[in-house]
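Comments concern the structure below.
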Amino acid sequence: MADAGEKARELFIERNAIQAELGGLPRIAGRLIGIFLLDGGPISFSDLAERMQASRASVSTNTRLLERLGIIERVALRGERQDFFSLRANPFALAIEQSIEQCQRFSEYVEELLVSAELGEDAIERLRQAQSFHEVTAKTMQGLLATLTRNNWAHSRDKVQAKSAAEGAGRTARKSSEERTQQLSDPEPTGARPLAARPVKAKPPASLQARTSARGRVPRKT
């Protein structure tokens, strides 16, 4: 049953990779998205490289790409020096917002061009059609985003960061506990001898100190 579940996970990750590649993303970026959709994070950079069976350079390039796209984010965990990554809070809503901005920006570009340049009627017609398409698309996605917001689909970014911090603190505590247990269980190295206590020199009696001091004193000439 466990093997079947693992195969289903891997199949989902690979299908997501193919779909991402059809959309213009590198296949490895699609695999990373699949992993984060399943596990959420935080996931360390070294763990990602091991699970992906890919070079560290390739993983680094694609995690930076997904960061720029707003799909994942880099998180800091207390006591850890390497980078960790998590799926962003509701990255799909963020993708919709970015698409809306891109459509609105294209419409503005078309308007600026029509004002600044003399174009033929055929060119103007094609530009107006493209502008209308982007305006309708932006309005449709704005309605979709409003529906998702009403349904409380957006997740709290603060909750995600709090979860990451708690997991990092727990990981650090476990690591410290394991180190202390290891130190207590390790035997003494072969041939090692305990340090002998340094003997404490007893002080002579006060009367003896006085006589010794008197014998060693040089008489003062008058």
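Couple of notes before you dig in:
- Scanning residues 5 or more positions from Ile72 or on other chains, those with amide H under 5 Å from its amide H are Glu67, Arg88, with H placed 1.01 Å from N in the peptide plane.
- Residues Lys139 and Asp39, FRET efficiency given R0 of 35 Å [Cβ-Cβ distance, rounded to 0.05]: 0.45
Readers should treat all values here as calculations from the given coordinates under stated rules, not as data from a laboratory. Just so we're clear, the structure is a prediction, and the values are computed from it rather than from any experiment. Virtual Cβ from ideal backbone geometry, glycine too; neighbours counted across all protein chains shown.
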